[in-house]
Amino acid sequence: MHAVDAPLTTTVVGSYPQPDWLVDRALLAEHGVPRVRAEDVWRVPEPYLEQAQDDATLLAIRALERAGVEVITDGEIRRESYSNRFATAVEGIDLQQPGALQRGNRPTMVPRVIGPIQRRRPVEVRDLQFLRSNTDRPVKITLPEPFTMAQQAQDEYYHDDRALALAYAAAVNAEVHDLFAAGADVVQLDEPWFRNAPEKARVFGVAVVNRALQGATGTTAVHLCFGYAALVPKPRDSLNRYAFLEQLAECSADQISIEAAQPRLDLAQLRPLVESGKRIMVGVLDLGDPRVETPEEVAERLRAALEYVPAEQLIVAPDCGMKYLPADTAFNKLRAMVEGARLVREGM
């Protein structure tokens with residue numbers, strides 16, 4: 001059986017720590033999660049940056065392999081954030097005079113939409129080709145989900161949230177097709193804003209996912225984020241349910257990725273997704289805790305998930321945001337995850 005479809009397959013959500021020689025990690029933390037470009041975080045001058053990113057990506061690939069992860073990514077090493085690499089590469093936005101949206105106590109700089117959103121060129125195909133050519137394991141690559149990109153933009157053209165999100169979805173869909181053609185085993189859409197804007201998500205969220213994945217020729221996933229624990233710590237007892245989750249039983253994605261460790265998620269919420277036949281990627285590593293879990297702790301979290309998700313539908317992953325961890329912590333957590341999954345498999 002292909003590892004992508006095997007019971008208790010191990011994977012990562014997407015990111016892995018970028019080396020200190022490549023990225024000023026303190027400055028990156030100051031930026032938070034940039035929506036527009038943040039070129040100042042790169043330590044390597046532009047003429048040598050792509051080569052340096054390739055070298056760092058290769059290190060991430062090898063680290064994931066050594067940790068024993070079965071379905072790997074490129075660590076998102078070339079990205080300043082999960083979203084801005086793609087979101088700033090499309091036509092129809094003004095990056096020279098970006099917009100600003102009030103988030104909390106300060107404005108956040110965002111893409112300003114001034115015309116039709118269109119993908120001008122492949123954005124992550126070379127990333128995927130580099131990953132594919134440097135490992136014999138199944139590979140996954142991630143894209144920002146269109147609903148989130150629409151919520152992270154200042155719209156001065158469409159004046160309609162649904163229309164803007166569907167325009168982003170058409171651009172993402174073109175990228176999805178090219179990524180599968182280039183050898184991706186899994187393409188994942190990252191979606192934190194279903195949690196932040198659940199009322200809008202209930203109106204058109206599933207339609208946007210389906211448009212983005214329309215005609216996909218490989219395994220597709222949607223990841224729902226609670227917010228990076230490393231950047232925005234939250235009370236553990238107040239966020240144990242997603243505001244928008246069960247509705248994704250109706251979407252076309254094959255896999256749904258959720259965070260369960262840091263928020264202590266109420267796993268009963270997964271029942272509609274399981275009944276729909278989705279495979280569920282369950283986060284079993286708490287990235288808000290600097291301590292490395294033991295394999296036995298991971299195994300305990302997996303056994304709790306198995307009370308709700310059959311083994312053949314369960315995928316093992318960390319919670320999201322590994323890029324903000326120290327590299328040794330991230331690696332050792334992944335080793336514990338892989339070993340914990342092995343313990344559970346052996347006991348089945």
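The values are calculated or read from the model by the stated rules, or taken from the named source; none is laboratory data. As the structure is a computational prediction, the values presented were derived from the model and not from experiment. Cβ: placed from backbone, ideal geometry, glycine included. Neighbour counts: every protein chain shown.
Do we have any residue at all in the stretch 219-231 that's in contact (Cβ under 8 Å) with a residue 60 or more places away in the chain, assigned to a helix (DSSP H, G or I) and in contact with an Asp or Glu (Cβ under 9 Å, 6 or more places away or on another chain)? Within the stretch 219-231, not a single residue is in contact (Cβ under 8 Å) with a residue 60 or more places away in the chain, assigned to a helix (DSSP H, G or I) and in contact with an Asp or Glu (Cβ under 9 Å, 6 or more places away or on another chain). Among the criteria (1) over 30 Å from Phe147 (Cβ atoms); (2) assigned to a loop (DSSP other than H, G, I, E, B); (3) polar (S, T, N, Q), the one Ser81 does not fulfil is (1).
Here is the figure for the stretch 15-31: residues that are within 16 Å of Asp328 (Cβ to Cβ) and assigned to a helix (DSSP H, G or I) total 1. Taking the listed residues Glu296, Glu300, the one that is surrounded by fewer than 23 Cβ atoms within 10 Å (Cβ to Cβ), of a type outside the set (Lys, Arg) and out of contact with any Leu (no Cβ under 8 Å at 6 or more places or on another chain) is Glu300, with no other qualifying.
The set of residues in the stretch 186-229 being under 25 Å from Asp127 (Cβ atoms) and out of contact with any helix residue (DSSP H, G or I) (no Cβ under 9 Å at 6 or more places or on another chain) consists of Gln188, Ala221, His223.
Quick check on the stretch 1-38: of everything there that is at pLDDT 95 or above and acidic (Asp, Glu), which residue is farthest from Gln313 (Cα to Cα)? Taking the candidates together, the pick is Asp24. Looking only at residues of the stretch 156-166 that are surrounded by fewer than 24 Cβ atoms within 10 Å (Cβ to Cβ) and not acidic (Asp, Glu), we find that the one that is nearest to Pro122 (Cα to Cα) is Leu166.
Going by what's in this entry, would Val123 be described as β-branched (Val, Ile, Thr), in a loop (DSSP other than H, G, I, E, B), surrounded by fewer than 22 Cβ atoms within 10 Å (Cβ to Cβ) and in contact with a Leu (Cβ under 9 Å, 6 or more places away or on another chain)? In short, yes. Condition check for Ala3 on (1) farther than 21 Å from Phe226 by Cα; (2) among the aliphatic types (A, V, I, L, M); (3) surrounded by 15 or more Cβ atoms within 10 Å (Cβ to Cβ); (4) touching a strand residue (DSSP E or B) at 6+ places or on another chain (Cβ under 7 Å): one failure, at (3). Restricting attention to the stretch 275-288 and to residues that are in a loop (DSSP other than H, G, I, E, B) and either loosely packed, with under 14 Cβ neighbours inside 10 Å or among the small types (Gly, Ala, Ser) (or both), the residue that is nearest to the chain's Cα centre (by Cα) turns out to be Gly288. Cβ-Cβ contacts under 7 Å between residues 6 or more apart (or on different chains), taken from a first residue in the stretch 321-348 that is over 20 Å from Thr142 (Cβ atoms) to a second residue that is in a helix (DSSP H, G or I) and of a type in the set (Lys, Arg), are listed as Val344/Arg303. Search the stretch 84-105 for residues being assigned to a strand (DSSP E or B), of a type in the set (Gly, Ala, Ser) and more than 14 Å from Ala171 (Cβ to Cβ), and hand back the single one that is modelled with the lowest pLDDT. Here the answer is Ala100. Within the stretch 239-266, residues that are under 20 Å from Gly288 (Cβ atoms) sit with their Cβ atoms under 7 Å from residues that are among the acidic types (Asp, Glu), at 6+ positions apart or across chains, in these pairs: Asn240/Asp266; Arg241/Asp266; Glu259/Asp319; Ala261/Asp286; Ala261/Asp319; Gln262/Asp286; Gln262/Asp319; Leu265/Glu259.
Of Leu101, Leu64, Leu59, which residue is in contact (Cβ under 8 Å) with a residue 12 or more places away in the chain and crowded, with 22+ Cβ neighbours inside 10 Å? Residue meeting the stated conditions: Leu64.
Go through the stretch 67-88 and give me each residue that's crowded, with 18+ Cβ neighbours inside 10 Å, of a type in the set (Gly, Ala, Ser) and either free of Cβ contacts under 8 Å to residues at least 60 places away in the same chain or closer than 23 Å to Thr10 by Cα (or both). Within the stretch 67-88, Ala67, Gly75, Ser81 meet the criteria. Only residues that are part of a helix (DSSP H, G or I) and crowded, with 23+ Cβ neighbours inside 10 Å: list them for the stretch 248-274, please. Listed by number, the residues that qualify are Leu248, Leu270, Leu273.
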